[in-house]
Amino acid sequence: MSAILSPSVADFADRSLGVGYAGGSSLLFACLMVVLGTWYWTLGSISVTTVNTPKVEAFYWLAITFSQTLGTALGDWMADNTGLGYGRGALVFGVGLVALAFAYYRTNISRVFLFWAAFILTRPLGATVSDGGMALSRPIASAVIAVFMVGCILLLPQRAGMHPGRSEAI
């Protein structure tokens, strides 16, 4: 539902409120910061590993919805208002994700911050690629994503995780 709602809300901010994609992105960024700030202030963490109660899950889904909506608005702004178009807009967001991956492996920047930044950047990357950057049909785009995912699973080291609600004694 969040993925379906996001483009509608981004378009509402742009067209109905009349603030444009830049204004809509700013408004959505502010909303996301309020949600994340309230979540942190209320529960002490905004890590997705703490999503194990209905209250935390409510904050999580609000943050996901605003993140996706912000990402959609950013993708539209980059493609339509900067003169870069879809292809170069996708390149900008792809470079941003590479920079975050570099930061993950080479710095001590908060992993929680890097997660949310990466989550936000994946949405405009997807929007710019699917809306005209590569002009892939849904079946082809799905196949490309599936190959990428399988490649990541096969090539990247995997390690077992532990659910935050379970103790190590189990």
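The values are calculated or read from the model by the stated rules, or taken from the named source; none is laboratory data. These figures come from a predicted structure and were not determined experimentally. Quick reminder, even Gly has a Cβ in these numbers, built from the backbone with ideal geometry, and neighbours come from all protein chains shown. We work out accessible area using only protein heavy atoms, side chains counted, and drop any ligands, DNA or RNA first. Shrake-Rupley method; radii C 1.70, N 1.55, O 1.52, S 1.80 Å.
The figures follow:
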item	result
The one condition in (1) assigned to a helix (DSSP H, G or I); (2) open to solvent by less than 50 Å² (accessible area, probe 1.4 Å); (3) of a type in the set (A, V, I, L, M, F, W, C) that Val92 fails to fulfil	(2)
Qualifying residues in the range 77-89 (those that are among the small types (Gly, Ala, Ser) and surrounded by 16 or more Cβ atoms within 10 Å (Cβ to Cβ)) - the one farthest from Val129 (Cα to Cα)	Ala79
Qualifying residue in the range 40-48 (condition: open to solvent by 70 Å² or more (accessible area, probe 1.4 Å) and outside any helix (DSSP H, G or I))	no
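Condition check ((1) part of a helix (DSSP H, G or I); (2) open to solvent by 40 Å² or more (accessible area, probe 1.4 Å)) across all residues:
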residue	(1), (2)
Ala10	yes, no
Gly18	no, yes
Ser25	yes, no
Phe29	yes, yes
Leu32	yes, no
Tyr60	yes, yes
Thr65	yes, no
Thr72	yes, no
Gly75	yes, no
